[in-house]
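Reviewing the structure listed below.
What follows draws every value from the coordinates through simple rules; no lab data is involved. Since we're looking at a predicted model, the values are computed, not measured. Neighbour counts are summed over all protein chains in view; Cβ atoms, including those assigned to glycine, are modelled from backbone coordinates with ideal geometry.
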Amino acid sequence: MKIPTLRIYTIAYLIFLYTPIVILPIFAFNNSTAVAFPLQGFTTEWFYNIAHDDVLFRALQNSLIVSSISSVLSATLGTFAARASTRYKFPGSGPLMGLIMLPMVLPDMITAMALLVVLLSIGIKLSLVTIILGHVLICTPFSVAILTSAFQSLDKSLEEAACDLGEGPVSTFMLVILPLVMPGIISALLISFTISLDEFIVTNFLGSGEPLLSTFIYGQLRFPKYVPNIMALGTVLVGVSIILLTLAEFFRRRGIAKTGSKDTGGFL
Amino acid sequence: MSSEKPTMIEFKDVHKYYGDYHALRGINATIKAGEFFSLLGPSGCGKTTLLRTIAGFEGISSGVVLIDGKDVAGIRPNHRPTNMVFQSYAIFPHLTVEQNVGFGLRKDPRSKEDKARAVDEALAMVGLAGYGKRAAHALSGGQRQRVALARALILKPKVLLLDEPLSALDKKLRENMQVELIKLQRQVGITFILVTHDQEEALVMSDRIAVMFEGQIAQLDSPEALYRLPKTRAVANFIGTMNFLPAKILSEAGGIAEIEAAGLGRMALNVEKQVTGAVSPGGATVGFRPETATLLFDTQEATDRESMATVEEVVYYGDMTYYDVKLDGTAEPMRVSMRNVFGRPVLDIGTRTRVGWSPGALVLFR
């Protein structure tokens, strides 16, 4: 009999990958502070706790502010950079794009430390703003990568046609280019938002002590009695992520149906 | 007939460089108002570049381009009285058919209803009445082409530029569209400038054709003149097929050239109608089209002159048979096309045959 090696490998791989995520909601509803089997009983106490935790609420608020602003800024900068690199040839464009993409491969630790040194030496006080600066630096390369492929798949003659039909550069961009790269922009926003939301190192280095989700969770995990709260919080985050991804996929498919372009797979 | 028409476009010594690459090498030409004009040449000959200098997508390095008497240097495409049908059609995929066609009317001061009527009329003109609400991306290639035409013509440009508009269509559809485009051009009376690498397409559609090689216009003439009396062997070979034989000019006087050609012998040619081109260092050449010679199957057929030949290759096309025959005393086989009329046999390779030809159908390249 033939042993289905690849099939077994695939199943084992998926179990290894997703078991922790499945464990999360299980313990979030478990009536015990110890994260261990056997399960004790059903409770929604942990969810009640996180809903009434003022520090968590502040952390969530701060995280939403930081991630929203960071993602909008990095998607905007990414749009400019991607447009420039795909449409115009200028001296030094290669090295320049390399520099923009560098933070993607540079260890976050290095980026964070370097930023911290620079900010402190020019006398800028640490706050949410400095965190946002760091996050934009980290997120922009991802936006550029996503948007470059969006701009590359854009037929150049569409722009020329709009110009030929009487539109100037700005209205051509608004009427033709923007709607067609919109799926890419939405992808870039979502990815940047996610990266910013769970970015820990830069947040920890450049923060002023104001709690954000990532630093808050890290702080809580040191106390065993708060661990079930984190499980509940994790469950909520997983749920929100699934909803967000579903929405993103929905918009992506609608975009494809609307423009009739080829489906090239996932929304990245 | 076209000589009385006013000039629409004029090129005066137009040069274009891309870095070191000399894409346009001194273009001089005039295109008349209401003319169906074609730029014909192999890929890389500069025909598309020349078209794009009219549209304003390419600047020129030196020279002047005049549209309707006005120097268009520095004028952006959106301010030129030209519209273009792109090779890829460039239909906006996120818009409907009517939004595509009405795209250029955004700054038009007319009322919404008037614009909607103009869109409907434009769609009807290209045979797409009732397609307005459809999504542009759901159209077939031929329909996209029509939308692109309607979108350009609705703006009533002085010149419509067509960049290989039929190359993406299959053969049947292409032939239909050729006829439709000619009709449409006659109907609207706008100057059409077509870029194509397809010599048949250019011959079928154009009033005049500029044949381009390597950034220069090799010959600008009517389709018939181009076919009958090409100025160079390159033009002769690009437009249809021509057989060439080495020849010698024995004498030239009183408009008559006395020549001797390999395999054909001595003959007299009319200098004005049959002698062409600049003096070439390799010596003169005489050329004839495959359909101007015939293979003589029976002794009764009469012809001006005849030579003996051997059949080297037979290519059967259904309605036609192409023979490659080697005339006695020549090195290269000549192509002769024969219509397969009823009862006429197809010869075998190796058959000895008589080839009938007429001195009047020959062209001499000096």
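As a length-normalised measure over Cα pairs under 8 Å and 6 or more apart, the relative contact order of segment A:53-220 settles at 43 percent.
Evaluated at q = 0.14, 0.15, 0.28 Å⁻¹, the base-10 log of the normalised Debye intensity for segment B:1-43, with identical point scatterers placed on the Cα atoms, takes the values -0.45, -0.50, -1.02.
Kirkwood radius and radius of gyration were both taken over the C-alpha atoms of segment A:44-144, and their ratio Rg/Rh is 1.12. The smallest convex shape that holds all Cα atoms of segment B:134-226, its convex hull, gives 119 Å³ per residue. A convex hull fitted to the Cα coordinates of chain B yields 183 cubic angstrom per residue. Here segment A:53-220 is treated as a Stokes sphere of Kirkwood radius computed over C-alpha pairs; at 20 °C and 1.002 mPa s its diffusion coefficient rounds to 124 µm²/s. Expressed in Å, the radius of gyration and Dmax of the Cα atoms of segment B:226-321 are 15.0, 45. Pairwise Cα separations in segment A:168-225 fall into 10 Å bins from 0 onward with the following percentages, short to long: 20, 28, 20, 17, 11, 3, 0. Charges were assigned to the Cβ only: +1 to each Lys and Arg, -1 to each Asp and Glu. The resulting dipole of segment A:53-220 about its Cα centre is roughly 340 debye.
With contacts taken as Cα pairs under 8 Å and at least 6 residues apart, chain B reaches a relative contact order of 15 percent.
The calculated P(r) of segment B:1-123, using every Cα pair and 5 Å bins from 0, goes 2, 9, 16, 18, 17, 15, 12, 8, 4, 1, 0 in percent.
Across the alpha-carbon set of segment A:127-268, the Rg to Rh ratio works out to 1.11, Rh being the Kirkwood radius.
Dipole check for segment B:2-228: with +1 at the C-beta of Lys and Arg, -1 at the C-beta of Asp and Glu, and the Cα centre as origin, the magnitude is about 760 Debye.
Ignoring aspartates and glutamates fewer than eight residues from B:Lys115 along the same chain, the ones with Cα atoms less than 20 angstrom from its Cα are A:Asp164, A:Glu167, B:Glu98. The convex hull around the C-alpha trace of segment B:184-261, projected and averaged over every direction, spans 7.3 square nanometres. Given the pairs B:Lys32/B:Lys133; B:Lys47/B:Lys158; B:Lys5/B:Lys171; A:Lys89/B:Lys16; B:Lys16/B:Lys171; B:Lys5/B:Lys107, which span a C-alpha to C-alpha distance of over 30 angstrom in this model? In this structure, B:Lys32/B:Lys133; B:Lys5/B:Lys171; B:Lys16/B:Lys171; B:Lys5/B:Lys107 lie more than 30 Å apart at Cα.
Which of B:Gly329, B:Gly343, B:Gly26 moves the most in a Gaussian network model of chain B with Cα springs under 10 Å? Evaluated over chain B, the most mobile residue of the options is B:Gly343. Around the Cα centre of the protein assembly as shown, unit charges on the Cβ atoms of Lys, Arg, Asp and Glu (plus for the first two, minus for the last two) sum to a dipole of about 1000 debye.
Compute a Gaussian network model of chain A, connecting alpha carbons closer than 10 Å, and tell me which residue from A:Thr76, A:Thr33, A:Thr215 fluctuates the most. The residue with the greatest mean-square fluctuation here is A:Thr33.
Taking each pair of distinct Cα atoms in segment A:133-190 once, what is the resulting Kirkwood hydrodynamic radius in Å?
12.4 Å
Using the Stokes-Einstein relation with a Kirkwood hydrodynamic radius computed over Cα pairs, the translational diffusion coefficient of the protein assembly as shown at 20 °C and a viscosity of 1.002 mPa s comes to 69 µm²/s. Listed values for segment B:345-359 are Karplus-derived 3J(HN,Hα) couplings in whole Hz (6.51 cos²θ - 1.76 cosθ + 1.60, θ = phi - 60°), namely x, 9, 6, 8, 4, x, 5, 7, 8, 9, 10, x, 8, 10, x, and x replaces Gly and Pro. In the elastic network of chain B, a GNM with C-alpha springs shorter than 10 Å, the most mobile of B:Tyr17, B:Tyr131, B:Tyr317 is B:Tyr317.
Label separation (B:Arg352 vs A:His52): 11.8 nm, computed from points 7 Å beyond Cα along the C-beta direction.
Write down the percent of antiparallel bridges among all DSSP beta bridges whose residues are both part of the protein assembly as shown, to the nearest 5. Can you show the working numbers first?
Details: 64 of 84 bridges.
Given both bridge residues lie in the protein assembly as shown, the antiparallel proportion sits at roughly 75 percent.
Computed over Cα pairs, the Kirkwood radius of segment B:53-171 leads via Stokes-Einstein (0.890 mPa s, 25 °C) to a diffusion coefficient of 161 µm² per second.
Using the number of other C-beta atoms within 10 angstrom as an exposure proxy, rank B:Leu50, A:Leu206, A:Leu128, A:Leu6 with the fewest first. It would help to have the intermediate numbers written out before the result.
Values: B:Leu50 27, A:Leu206 24, A:Leu128 18, A:Leu6 8.
By the 10 Å Cβ count, ascending: A:Leu6, A:Leu128, A:Leu206, B:Leu50.
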